[in-house]
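The values are calculated or read from the model by the stated rules, or taken from the named source; none is laboratory data. Remember, it's a predicted structure, so these values are computed and weren't measured experimentally. Reconstructed Cβ throughout: ideal geometry from the backbone, glycine too, with neighbour counts over all protein chains shown.
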Amino acid sequence: MYFMKSNNAYIFLIHSLVRAILLEKPIKDAYLSIFKSIYPCTVRGNFSDAAKHIDQSYFQEICDFIYQADSSEITSASCYSASIVVQLLASLHGIPSDMVIGIKKQDEKIVGHAWIELCSDKFKTKIVNPGHVDLSGYSPLQRMSPDTAISEWATSI
């Protein structure tokens with residue numbers, strides 16, 4: 001039980017840092033800053049051995065915890081911040097993923113949502129969906145992956 005509480009504390013801390021960065025920068029710049037900071041560790045594969053012990057349900061639990069903390073007014077969550085936390089952990093453990101930003105028309109407005117597609121299974125993409133939002137009707141507008149963001153940055157310098 002202590003491990004779970006400790007794990008939640010770490011998730012809360014990571015989410016708070018991601019949220020602070022998102023509040024300071026446009027999402028694309030924040031995303032790049034966040035993933036540049038962990039990229040050396042992911043390239044070396046320091047934590048990739050844990051990948052076989054981590055699955056989609058674990059990442060969904062992380063999103064659910066973040067949203068529960070938001071409803072308890074412990075923190076302020078968004079689908080972007082929750083998705084980036086999950087993608088950070090997936091990347092750290094060597095699990096490829098894309099953050100998908102989708103839009104749809106709802107009540108005469110355009111609404112957006114972000115979710116994670118885990119790409120570790122060649123035949124089936126697994127979805128981690130902050131807030132369990134109904135994704136039907138959302139059209140993917142942008143896909144973001146750590147490797148692509150880092151590659152684009154590296155070629156620009």
Legend entry - Test result for S37, surrounded by 15 or more Cβ atoms within 10 Å (Cβ to Cβ) and modelled with pLDDT of 80 or more: no
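Give the residues of the range 67-89 that are at pLDDT below 90 and either under 13 Å from the mean Cα position of the chain (by Cα) or not charged (D, E, K, R) (or both), sorted by residue number. Even if it seems obvious, please write down each step before you answer.
Kept after step one, since they are at pLDDT below 90, are these residues of the range 67-89: 67-78.
The answer is Y67, Q68, A69, S71, S72, I74, T75, S76, A77, S78.
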Inset, instruction - Quick one: in the range 121-157, of everything that is touching a residue at least 60 places away in the same chain (Cβ under 8 Å) and touching a Ser or Thr at 6+ places or on another chain (Cβ under 8 Å), which residue is nearest to L92 (Cα to Cα)? - result: P146
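Output the strands (runs of 3 or more DSSP E) that fall wholly within the range 101-157 and possess 2 or more residues being buried (at least 18 other Cβ atoms within 10 Å of the Cβ), or say none.
Values: elements: 109-118, 126-128, 139-144.
Output list reads 109-118.
Against the condition outside any helix (DSSP H, G or I), of a type in the set (D, E) and modelled with pLDDT of 80 or more, how does D29 come out, does it pass? Reasoning before the result, please.
Values: outside any helix (DSSP H, G or I): no; of a type in the set (D, E): yes; modelled with pLDDT of 80 or more: yes.
Against the criterion (outside any helix (DSSP H, G or I), of a type in the set (D, E) and modelled with pLDDT of 80 or more), D29 does not qualify.
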Inset, instruction - Scan (1) of a type outside the set (D, E); (2) in a helix (DSSP H, G or I); (3) without any contact (Cβ under 8 Å) to a residue 24 or more places away in the chain for the single condition L88 breaks and write down its number. - result: (3)
